[in-house]
Amino acid sequence: MFFKSDKKNQDQVRGFSHLGENFRFDGEIDCKGEIEIAGKIKGNVKAKKLRILETGIVKGIVQAEDVEVLGHMVGNIDSKNIYIGNKGVIRGNLHFENNLTVLEGADISGHVQKNKKDKVKRSDTDKVKYLEHNKIAS
Amino acid sequence: MPSVILRDTNLQGNITEKDSITIDGIVVGEIKAEEVIILENGNITGDITADNNIEAGGQITGDLYSERIHLNNSAKIRGKLSHRNLVVDEGAQLEIVSSTRKKITNNNKE
């Protein structure tokens with residue numbers, strides 16, 4: 001390519017992406033920050049924070065740290081925190097690590113499961129033990 | 001409400017928007033909208049069709065169809081352009097074939 005991509009401005013992004021009511025999208029979304037969906041999305045979504053607004057419909061697998069569903073969601077959600085508003089509709093499984101909030105009126109059908117996060121912790125403690133062992137040994 | 005895609009967001013797939021869409025992130029796929037605004041960090045690989053207006057300030061590889069096309073000074077464009085009005089700012093980096101038409105239709109891929 002004759003274009004050189006300049007890699008400035010890669011620091012933190014202010015605000016969040018917004019996909020409007022008339023937005024139709026087929027494919028994958030990968031957002032390193034926050035994204036708000038008011039349109040129709042077909043495909044998998046990866047984000048740090050995802051908000052599906054009342055007019056939003058997402059069909060696909062969602063992986064995020066925080067998910068807020070105020071609209072429609074068809075597919076599985078895998079997230080640390082999940083919040084479902086009173087008009088939220090879920091067709092799919094919910095896997096969460098920390099918190100699940102469901103308001104009165106939410107419509108959910110699917111498995112709900114709390115994932116254990118001990119895998120990461122265990123490796124951390126192993127590392128600490130190993131470091132301590134090294135300290136004592138030296 | 002118009003859509004905004006910031007530079008921490010990466011879309012792979014086709015976009016249809018009846019409103020305006022502002023892109024500062026990476027999009028691989030076709031874009032159809034009323035108005036498309038590509039900001040400086042925007043990187044589009046795919047054709048863009050806009051009814052009214054395309055403002056290009058980022059990197060685009062693909063064909064552009066619109067009533068009015070404005071290439072800003074930070075634009076880096078490679079592809080074919082079909083338009084009624086074309087504005088090119090000083091500094092735009094181009095590798096394009098451009099044609100002025102009386103009528104822009106969505107399917108004039110000749």
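A few remarks follow.
- Expressed as a whole percent, the proportion of Cα-Cα pairs in the protein assembly as shown lying more than 28 Å apart is 44%.
- Across all Cα pairs in the range A:17-137, the calculated P(r) in 5 Å bins from zero up to the longest distance comes to 3, 11, 20, 22, 14, 8, 5, 5, 4, 3, 2, 1, 0 percent per bin.
- Computed from the C-alpha gyration tensor, the three semi-axes of the ellipsoid equivalent to the range B:27-110 are 17, 14, 11 Å, from longest to shortest.
- Paramagnetic reach from A:V74 (point 7 Å along Cα→Cβ, amide N under 16 Å) across the range A:24-38: A:24-27
- FRET efficiency estimate (nearest 0.05) - Cβ-Cβ, B:L94 to A:E65, R0 51 angstrom: 0.80
- Per-residue ellipticity at 222 nm computed for the protein assembly as shown from its helices equals -3000 deg cm²/dmol, with DSSP H segments shorter than 4 residues left out and the rest contributing -39,500 (n - 2.57).
- With the simple spin-label model, which puts each label point 7 Å out from Cα in the Cβ direction, the B:D51 to B:R68 separation comes to 1.5 nm.
- Other residues whose C-beta falls under 11 angstrom from the C-beta of A:D78 contribute a net charge of 0, scoring Lys and Arg +1 and Asp and Glu -1.
- Under 13 Å, Cβ to Cβ, from B:K18 - net charge with Lys/Arg +1 and Asp/Glu -1: -3
- Peptide-level mean, for A:27-36, of C-beta atoms on other protein chains within 10 Å: 6
Values in this text are rule-based calculations from the coordinates and carry no lab data. Owing to the predicted nature of the structure, the values given are computational and were not obtained by experimental measurement. Neighbour counts are summed over all protein chains in view; Cβ atoms, including those assigned to glycine, are modelled from backbone coordinates with ideal geometry.
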